[in-house]
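Each reported figure results from applying straightforward, stated rules to the coordinates on display, with no laboratory input. Remember, it's a predicted structure, so these values are computed and weren't measured experimentally. So basically every Cβ, Gly included, is an ideal-geometry build from the backbone, and we count neighbours across all protein chains shown.
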There are 2 protein chains.
Amino acid sequence: MTADLVILAIEDEPQLVRFLRASLAGHAIRLIDAPTGAAGLVEASTRVPDLILLDLGLPDMDGVEVCRRLREWTKIPILVLSARGQERDKIEALDAGADDYLTKPFGIGELLARIRVALRHSQRGPGASEPVIETGNLRIDLALRRVLRAGAEVHLTPNEFKLLAELVKNADRVVTQRQLLKAVWGPGSVDHTHYLRVFMANLRHKLEDLPARPRHLMTEAGVGYRFRTET
Amino acid sequence: MTADLVILAIEDEPQLVRFLRASLAGHAIRLIDAPTGAAGLVEASTRVPDLILLDLGLPDMDGVEVCRRLREWTKIPILVLSARGQERDKIEALDAGADDYLTKPFGIGELLARIRVALRHSQRGPGASEPVIETGNLRIDLALRRVLRAGAEVHLTPNEFKLLAELVKNADRVVTQRQLLKAVWGPGSVDHTHYLRVFMANLRHKLEDLPARPRHLMTEAGVGYRFRTET
DNA sequence: TTTGATCTTGACGTTTTCTTGATACGGCGG
DNA sequence: CCGCCGTATCAAGAAAACGTCAAGATCAAA
């Protein structure tokens, strides 16, 4: 269920990186690393990790500056690891946007616990885009797993919801039968196109005013289906 | 312009409280304090502060337990202040729901910086939840761990309460079986879905007028359960 | 040790959801 | 006009998920 987490370590000490990677591997966490601030900024923006471990003592630029630059565009949790234990350093880093500050040497257990805290925080923030679609008299909230039709709640079965979700995630674009089948029933049922007809019919009955003349759940003959927004 | 912030210090050392109050006053922060864990829980639910400073070495109960009890109903940031610097203590507190952990003695500057971080976090995200939920003929006070049905107190067993709390915290949203099992029985029992059925049945018998036709404790087949407010 | 409350476990009936087949519809080319 | 193909609809049986009850097991307090 939980997709593997990715953590970026901006850290120039290979030993520490290796140690971190080993420690995190057992927790379904993949570690990518960057040895310089510049490389870290690039990695952060291209790989978009779930959390960033940031060393303050980087060879090319000040860690606090890295922090600031990251905060210009992202709210990814930043956990600072530093050999400097001065209060001034901590305050500066925290005010630059860091979420936590650990002084080396630190225990791996504490680090993991603080990582858990940071991930807990980022779970509920408005970090990601809003997965709520409103169109016509439909309101579909993928995150809350909730569908309203003209204000009234509509109950969907698990597979109905999965199917609708796949369509809504690709709103206004054609989704092939193959892709839908794979998303809902798994890669093993790619040719049971009949499932699609049955479930699309069910969805139309639950969501459309005139199931025979759908306004949103459009079929693209020979290809797949499409969720149409707007009226 | 900014409305005053209110911080609750659950701390039995008057000296420290006085020092904190003085330090915070200059930052438009009002400090209220509670000398015991029990008093702290009450203050937290009645005053609903913006942040909680929690001493682990309280005279009446374990600080970690206080933390857990708070997390049963609220997401108010909790910053632990402790004389204990052992890694095990930190991990335990952080996993119990604390957001940060400072070891005494600490610098006031660092404390303020960490308070700023915590407040920054709580700004986004949905604010602290209500400590009391009323709907239909039910009145659920998560902070006091009390449940009234039509004015009469209902006795819940520990696990029943945990299950209800997890549902109520996510009122009107679907909570997956996985999440419920993890919250009540721990991460090791994620597939004992039978527990859920038994305990949901118990809860319905205690809280619903017609257990077979529940108005609040709704099941979402194949997914989980949902606590429905209003009619 | 006994007691009482709570938790765990298993069996069994019910409900919901999924799968499957039969049949009907509609556009298109022959 | 007819048959073909992909699609839509409906309903019944199968499978999975859920609700219920009650008998052990566990644990802490008396």
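Just to confirm my numbers, what's the Cα centroid distance between region B:161-231 and region A:44-61 in Å?
41 Å
What's the long-distance tail for region B:75-180, i.e. % of Cα pairs beyond 16 Å?
Value for region B:75-180: 70 percent of Cα pairs lie more than 16 Å apart.
Once amide H atoms are placed 1.01 Å from N in the peptide plane, what residues at a sequence separation of 5 or more from A:R146, or on another chain, have their amide H within under 5 Å of its amide H?
Long-range HN contacts for A:R146: A:D141.
For the protein assembly as shown, what does the convex hull of the Cα positions come to per residue, in cubic angstrom?
Cα convex hull per residue, to the nearest whole number: 181 Å³.
Restricting to DSSP loop positions (anything but H, G, I, E, B) with no more than 15 other Cβ atoms inside 10 Å of their own Cβ, which GluC sites (Glu not before Pro) remain in region A:58-91?
Passing sites in region A:58-91 are A:E72.
Which lysines does A:K104 reach when only Cα atoms under 23 Å apart count, and residues fewer than 8 places away in its own chain are ignored?
A:K90, B:K90, B:K104
Quickly estimate the mean residue ellipticity at 222 nm for chain B, helices only: each DSSP H run with n ≥ 4 gives -39500 (n - 2.57), and the total goes over all residues, rounded to 500.
Theoretical 222 nm ellipticity from helices: -12500 deg cm²/dmol.
Which distances, in nm and shortest first, link the B:R88 label point to the same label point in every other copy, taking 7 Å along Cα→Cβ?
Shortest to longest, the spacings are 3.8 nm.
Whose amide H sits under 5 Å from the amide H of B:E220, counting only residues 5 or more places off or on another chain, with H placed in the peptide plane?
Long-range HN contacts for B:E220: B:Y225, B:R226.
Once the label point is set 7 Å along the Cα-to-beta-carbon vector, what list of distances in nm do you get between A:Q15 and its counterparts in the other copies?
For A:Q15, the other copies' label points sit at 4.0 nm, shortest first.
Would you order B:T135, B:T103, B:T46 from fewest to most other beta-carbon atoms within 10 Å of each residue's own beta-carbon?
B:T46, B:T103, B:T135
Using r as the Cβ-Cβ distance of A:K206 and A:E230, and R0 as 22 Å, what FRET efficiency do you calculate, to the nearest 0.05?
Given R0 = 22 Å and the Cβ-Cβ separation, E is 0.65.
Within 10 Å, count the other beta carbons around each residue, average over each peptide in B:205-217, B:187-199, and list them highest first.
Top of the packing list down: B:205-217, B:187-199.
Using the 7 Å Cα-to-Cβ label point, sort the distances from B:G151 to its equivalents in the other copies shortest first and give them in nm to one decimal.
3.3
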